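Q: Structure provided below as structure tokens; questions to follow.
What follows draws every value from the coordinates through simple rules; no lab data is involved. Given the structure is predicted, the values throughout are model-derived calculations rather than measurements. Here Cβ is always computed from backbone atoms with ideal geometry, including for glycine, and neighbour counts include all displayed protein chains.
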Amino acid sequence: MALLNILEFPDARLRTVAKPVADVDDQIRTLADDMLETMYHAQGIGLAATQVNVHLRLVVMDLSEAGDQPMVLINPEIEVLDDQTCPHQEGCLSVPGFYETIQRPEHIRLSARDRDGNPFELLPDGLLAVCIQHEIDHLDGKLFVDYLSPIKRQRIRSKLEKLHRHPD
Ligand code: QAP
Ligand code: CO
């Protein structure tokens, strides 16, 4: 197992569009395990491969209280089921220290492959639906700050750039 480096906004590599995983082999499973270790270590609930500078369509999540229910989503795709949206406070390991309320579709269908390469479907709602959409955005080079006003996004960018120049 290994801890991976997490890219932070406004790093341009976070804008890369990830490619589908061709086959779910041991190399992909090792990456998923390293991403889970990295996510737990950083106290996150979701991490996309894009955030660790691997541009493949792979996401890990764990929304359980105890942190004992890892989920691996390979080549995840969603379909928005109706036009109902819900507001949710979002954060991101690539935008540390900032949390904002975002509106997203509430009802989606997820299709993906699991750690063994088996296809599955889910009809998530609530935090799980929000988190899946947030993570798939990463695979498409998008960040939650893209949904904010330019003023708010610029404020976050400036603060993080300053922190990157002068850590502590
Ligand atoms: C995405 O985000 C998410 O700022 C996952 O200092 C979050 O795991 C989707 C984190 C909320 C929906 C709702 C953020 C940890 C973790 C920080 C995360 C921080 C430490 C964020
Ligand atoms: Co994120």
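Q: Checking the cross-link filter: which lysines have an alpha carbon closer than 29 Å to that of Lys152, excluding same-chain neighbours under 8 positions apart?
A: Reachable lysines: Lys142, Lys162.
Q: Follow-up. Compute the normalised compactness of the stretch 8-74: alpha-carbon radius of gyration over 2.2 N^0.38 Å, N being the residue count.
A: 1.10
Q: Still on this structure: Kindly rank 34-47, 131-144 from highest to lowest mean number of other beta carbons found within 10 Å of each residue.
A: My ranking of the peptides, most packed first, is 131-144, 34-47.
Q: Check Ile108: other-chain or 5+ apart residues with amide H under 5 Å from its amide H, H built from backbone geometry?
A: Sorted by chain and number, the residues that satisfy this are Leu81.
Q: Can you grab the distance from the C-alpha centre of the stretch 11-39 to the C-alpha centre of the stretch 112-168, Å, no decimals?
A: Cα centroid to Cα centroid, the span is 15 Å.
Q: Dividing the Cα convex hull volume of the chain by residue count, how many Å³ per residue is that?
A: Normalising the Cα hull of the chain by residue number yields 116 Å³.
Q: Now for a separate question. Name the residue farthest towards the positive end of the dipole of the chain from the options Ile74, Pro105, Phe120, assuming +1 on Cβ of Lys and Arg, -1 on Cβ of Asp and Glu, about the Cα centre.
A: The residue sitting most towards the positive pole is Pro105.
Q: Looking at the stretch 109-154, I'd like the Rg to Rh ratio, where Rg is from alpha-carbon atoms and Rh is Kirkwood's inverse mean 1/r.
A: Taking Rh as the inverse mean 1/r over Cα pairs, Rg/Rh reads 1.12.
Q: With each run of n ≥ 4 DSSP H residues scored as -39500 (n - 2.57), what mean residue ellipticity at 222 nm is computed for the chain after dividing by its residue count and rounding to the nearest 500 deg cm²/dmol?
A: That comes out to -9000 deg cm²/dmol.
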